[in-house]
Amino acid sequence: MDDLTANLFPHTYLGEEGAKRVLSLFDSITICVPWYGEPPRVSGRINGVSIKYPPESLHPGKGFLSLLSEYRNWINQHADKSTLDFLKASRDREADEETTWDIRRSLRRMGGEQETPPAENIPLRWHMILHLARELEEQREEADQVLKRLKHRKSPLEGVLDEDSELKSLFEDLPGFSEGPPAGSAEIAPILEAWLGLFGGNLGPRGFLVTVNPAVMEEVAELWEGEKDFQGPLGENMVTFQWPDLSSLHLGEISEARRAMLEDDRLKQIRTLLEAVDEDPRGALKRLQEEAHKLTLDEYPKAFRATLRYLDPDLVEGGPQEAGRFKPLGGKVLVLIRG
């Protein structure tokens, strides 16, 4: 059985729980990190996680960290603005004119002695977007960890009020902060463009791209065939199936547990078909749909949903500019993994 590998997309950060979940299905994953970005902590603690940086030709310049720091100062001075405002402004959609003008003026002023002003330095803008997007993801993960602790904490009113069960369910029913951004394509599209701009040139003609954010799948689904609702009826280019979730194990136990899991003939068949997607995307996905329909995982304590979508190079929506911008995605299989 061949190794199953993937690139994390368009995230540049993955927490421990997310990494263990992704590595429940894939043997290895590559996390692409912009220049001056710190590799996720999990990369040095588990086999199967590798880090890739952009080519030197796309380096943002030595003054980038100073520029990033200045932007954070701008955020502190403009309490009514946020990182989401920057992402909207970079896309020129849905951002109010004052925000767009103010951010661009600040970036030009912060450029200092850069040979190319930041507003015109495309690699610098891509790096700025990915660094800020990572900060958002880290903040949401931290908020998720706090929420999980609250969900498991007993109410101080337990045993005092009859309504105690309702108090506990208040936190239990809250969704996680990292399940997706509060807004849509105005924030997601610039991140996709920045990631593809820095790393798309190193992608092969085929392969797997993994995301843990449903909004990424929605945005890409709209670009391909104009389908916004990826949870609708499954077509020939798409399949959803369940897979055992190993995220409750220790990091060092994942590889061995995954190998043991594949002794289950049903899961082994799914993995074999995933490996065949590279050679025959539509045929393999059709057979995956048939196998997924029969698969039940009642004997496994925990499972997640994986949604695969083949991105036919001939079906990207939009004009020449849009098609060219997202061309590196053509021929890939985008995989959404949800806990």
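The values are calculated or read from the model by the stated rules, or taken from the named source; none is laboratory data. Everything numeric in this text was worked out from a predicted model, so none of it was measured. Cβ atoms come from the backbone with ideal geometry, glycine included; neighbour counts cover every protein chain shown.
Within region 254-285, track down each residue that is at pLDDT 90 or above and basic (Lys, Arg).
Arg258, Arg259, Arg266, Lys268, Arg271
Inside region 276-293, can you point out the residues that are out of contact with any Phe, Trp or Tyr (no Cβ under 8 Å at 6 or more places or on another chain) and surrounded by 14 or more Cβ atoms within 10 Å (Cβ to Cβ)?
Start the filter on region 276-293 by keeping residues that are out of contact with any Phe, Trp or Tyr (no Cβ under 8 Å at 6 or more places or on another chain), which leaves 276, 278-280, 283-284, 286-287, 289-290, 293.
Selection gives Ala276, Asp278, Ala284, Lys286, Arg287, Gln289.
Can you confirm whether region 47-61 contains a residue that is of a type in the set (Phe, Trp, Tyr), without any contact (Cβ under 8 Å) to a residue 24 or more places away in the chain and either under 21 Å from Ile191 (Cα atoms) or surrounded by 13 or more Cβ atoms within 10 Å (Cβ to Cβ) (or both)?
Taking region 47-61 as the starting set, the residues that turn out to be of a type in the set (Phe, Trp, Tyr) are 53.
Among the residues that remain, those that are also without any contact (Cβ under 8 Å) to a residue 24 or more places away in the chain are: 53.
Then keep just the ones that are either under 21 Å from Ile191 (Cα atoms) or surrounded by 13 or more Cβ atoms within 10 Å (Cβ to Cβ) (or both); that gives 53.
Taking every residue of region 47-61 in turn, at least one turns out to be of a type in the set (Phe, Trp, Tyr), without any contact (Cβ under 8 Å) to a residue 24 or more places away in the chain and either under 21 Å from Ile191 (Cα atoms) or surrounded by 13 or more Cβ atoms within 10 Å (Cβ to Cβ) (or both).
Please enumerate the residues belonging to region 29-58 that are closer than 21 Å to Lys268 by Cα and under 16 Å from the mean Cα position of the chain (by Cα).
Matches in region 29-58: Ile29 only.
List pairs: first in region 197-215 and in contact (Cβ under 8 Å) with a residue 24 or more places away in the chain and closer than 25 Å to Glu275 by Cβ, second buried (at least 22 other Cβ atoms within 10 Å of the Cβ) and of a type in the set (Lys, Arg), Cβ under 8 Å, 6+ apart or cross-chain?
Correct list of pairs: Leu203/Lys332; Arg206/Lys332; Gly207/Lys332; Phe208/Lys332; Leu209/Lys332; Val212/Arg21.
Say we look at region 299-329 and pick out the residues that are modelled with pLDDT of 90 or more and either farther than 21 Å from Thr272 by Cβ or not assigned by TED's automatic domain parsing to the domain that holds Ser24 (or both); which of these is surrounded by the most Cβ atoms within 10 Å (Cβ to Cβ)?
Among residues in region 299-329 that are modelled with pLDDT of 90 or more and either farther than 21 Å from Thr272 by Cβ or not assigned by TED's automatic domain parsing to the domain that holds Ser24 (or both), the one surrounded by the most Cβ atoms within 10 Å (Cβ to Cβ) is Leu311.
Which condition breaks for Thr296 when tested against (1) closer than 22 Å to Lys20 by Cα; (2) surrounded by 14 or more Cβ atoms within 10 Å (Cβ to Cβ); (3) not hydrophobic (A, V, I, L, M, F, W, C)?
Condition not satisfied by Thr296: (2).
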